[in-house]
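Notes to accompany the following structure.
The values are calculated or read from the model by the stated rules, or taken from the named source; none is laboratory data. The structure displayed is predicted, hence computed values, not measured ones. In this analysis, Cβ positions are derived from the backbone assuming ideal geometry, glycine residues included, and neighbour counts consider all displayed protein chains.
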Amino acid sequence: MGNYKVLITMCCEYKICDTVYYGNASCLHCNANIEIATGKVLEDGVELLPYSVLMLYHPDIWPNDEPETYYNWTLATDPVDAAEKVQAMATAANKSVNSIGPEDIKAIAIFRGHIEMEEGVSQ
């Protein structure tokens, strides 16, 4: 358990929780397992783990017929959750682009852990 308190908006009336590893919190009053970023109550024993996700945009929106990707880190309960969270990040990052939605971005690689990507490396 962490040694500092955080305020959580979804739990019991006390709303004060103690942080645990990787973005979970445990309510000091009712012991609910909570995802800090969203306030979502998780099942007992579920931990958020770090993931790195590489997404590929649909070919119809590739500039100059060159594959376009999106890469980001997240904390998630499993690889599917990680892909969904990064898909939402990619959609939000491209909200100004002509109607790019979640269906236009698919995960092509999901790695457990936060992996640093080297900038400017190409073949």
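Would you point out the residue of the range 27-86, among those that are of a type in the set (S, T, N, Q) and either closer than 21 Å to residue 107 by Cβ or in a helix (DSSP H, G or I) (or both), that is modelled with the lowest pLDDT? Spell out the reasoning first.
First pass over the range 27-86, keeping only residues of a type in the set (S, T, N, Q): 31, 33, 38, 52, 64, 69, 72, 74, 77.
Next, only the ones that are either closer than 21 Å to residue 107 by Cβ or in a helix (DSSP H, G or I) (or both) stay: 38, 52, 64, 69, 72, 74, 77.
Numbers: 38: 75, 52: 94, 64: 79, 69: 89, 72: 93, 74: 90, 77: 88.
Checking each candidate, the answer is 38.
If you scan the range 45-72, which residues turn out to be surrounded by fewer than 18 Cβ atoms within 10 Å (Cβ to Cβ), out of contact with any Gly (no Cβ under 7 Å at 6 or more places or on another chain) and in contact (Cβ under 8 Å) with a residue 12 or more places away in the chain? Full working, then the answer.
Going through the range 45-72, the residues surrounded by fewer than 18 Cβ atoms within 10 Å (Cβ to Cβ) turn out to be 45-47, 50, 54, 56, 58-69, 71.
Next, only the ones that are out of contact with any Gly (no Cβ under 7 Å at 6 or more places or on another chain) stay: 45-47, 54, 56, 58-69, 71.
Scanning the range 45-72 gives 45, 46, 47, 54, 56, 58, 60, 61, 68, 69, 71.
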